[in-house]
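Every read-out reported here was derived from the displayed coordinates using simple, explicitly stated rules and does not represent laboratory data. Every value quoted in this text rests on a predicted model; they were computed, and no experiment measured them. Cβ sites come from the backbone with ideal geometry, for glycine too, and all protein chains shown count toward neighbours.
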Amino acid sequence: MRITKIEIKNFRAFPKTYQINLTKTGKNLLIYGENGSGKTSLYLALKSFLESSADDSTAFNKYQNIFAPDDGYIKLHLRSDQNSKEDTYEWSRTVTEETKTQLILDASKAKGFLDYKALLHTHYLHYANDIVNVFDLLVNTLLANITNDLTDPPRSFAESWWDILDVLFPIQTQDMSILQDMLEEQLEIFNRGLAIKLAELHPKTSEILRKFGYDVTLDFDFQGVIYDENEKTLNNRQILLKVNFFNREIPSYHRFLNEAKLSAIAIAIYLSSILLQPESDLKILALDDVLIGLDMSNRLPVLDILEEYFSDYQIFLTTYDKTWYEIVKQRTEQKDWKYAEFYFGETDEYELPVYVEDKAYLEKAREYLDANDYKASAVYVRTAFEAIIEKYCTNKRLPVRYHRNPRRLNSQDFWDPLKDEKKKDSAFDQTLISEIELYRSIILNPLSHATFANIYRKELEDAIEAVERLEAALA
């Protein structure tokens, strides 16, 4: 089972309706996106959709786009294979029951969602006395949905832990020896079951960590939670993460190892825990900018890890690094992947993600024009113009104004050298230059937001046609 199409309307950064088509086979998706362009909103759309199946507190109205007056939704289209019937599931303010099916519930338990902030939990947020304690991270997050095989009836580790806390609370308020016996029995089952699961997790984590090529090994030291009868407290809530570097234990490894090794350790822990998750027909792994702490050579092993261990998952991989995006495209182009880009766009009233597949900006501009959304259409035609002239200057190696930060370059920096070159070309349609200059002042200029209210449909149509002719003339 795979996602074949994602529809998002008025959710977080998305003030309009967006459709992401992953074909009938449900391809993996690689996304490049500038900061603030909407890629994390897509990540959270998928995550929140799945989690709404079991958590009633995950309400759609918490994520409603603040600029959108109409209600929004998230729709996932699913197929088991390209020849099967496509099923559609919706989650919105008014439609809340469609995600509460066994398929979506199982997918939520088996899912893997990881962003760069989550990685910090393995070496920054859980240390005390220079020893990293990952008890809460493992029990309440990474292993939360995994069943303790010693429980009858079956209970996940998160459920088992909350059962223990529920028994502890009345014991703390009154003397109840019967409940104390129950607590100690539950603790024994919890401790033995967790020790067994950590023994399964350890070799998987070590195996994945070795893929990065570091002489680093790690272990989980769990001695068991203890009930203190006198204080009526649970003590020793610890799973200590022990790291060896060149066969030498590093007690304060989070202070000693560099960012690349810390990131590799965190990624290994997270990915290995996903491999222990319950089975599901729909398996989703989403990685949102998780490779920030790794240089290019240390990122490549992640692709090998994904291919070797997660071939049965549908993978969503996002990055703000355009160079890395191009490398991943090259490495996966003969495989089951699709590629798309998000850019930051804005009008005088709102911001909106500019989402394109294969640079189809002008196609999107016409779609919004047909929907009478002139502001969004103008954003897309402007983006198309900027992409066309930048590509031409790059291919022709035209000298462009230098800027220390390439992101600070604007369309003028590319248009001026292109225009100067074409003015000397007698075969080039000089009236096209004049048309582009005209539309740059009213539509193709990002500083022209104040004129949006005065954009007429005919002017926008003419601007799109002018950019289409420019693209053809420069081909």
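Panel order for 380, 402, by other beta carbons found within 10 Å of each beta carbon, from fewest to most: 402, 380.
Within straight-line reach of residue 242, meaning a Cα separation under 23 Å, sit the following lysines at least 8 residues removed in sequence or on another chain: 117, 197, 204, 211, 261.
State the label only: which of (i) 25, 61, 14, 0; (ii) 20, 46, 26, 7, 1; (iii) 18, 42, 34, 6, 0 corresponds to P(r) over Cα pairs in 20 Å bins from 0, in percent computed from the shown model? Here the calculated entry is (ii).
Listed by chain and number, the lysines whose C-alpha is less than 16 Å from the C-alpha of residue 335, apart from same-chain residues fewer than 8 away, are 24, 27. Calculated mean residue ellipticity, 222 nm, the chain: -13500 deg cm²/dmol, from DSSP H runs (n ≥ 4) at -39500 (n - 2.57) each, averaged per residue and rounded to 500.
Kirkwood radius for the range 120-261, taken over all pairs of different Cα atoms as the inverse mean of 1/r, rounds to 16.5 Å.
What angle do you read, to the nearest 10 degrees and between 0 and 90, between the alpha-carbon axis of helix 361-370 and the longest principal axis of the chain? Computed tilt is about 80 degrees.
Summary of packing: across the peptides 13-25, 30-42, the per-residue average of other C-beta atoms within 10 Å ranks them, highest first, as 30-42, 13-25. Within the same chain, lysines fewer than 8 places from residue 9 are excluded, and of the rest, those with a Cα less than 21 Å from its Cα are 39, 47, 62, 75, 100, 364, 375.
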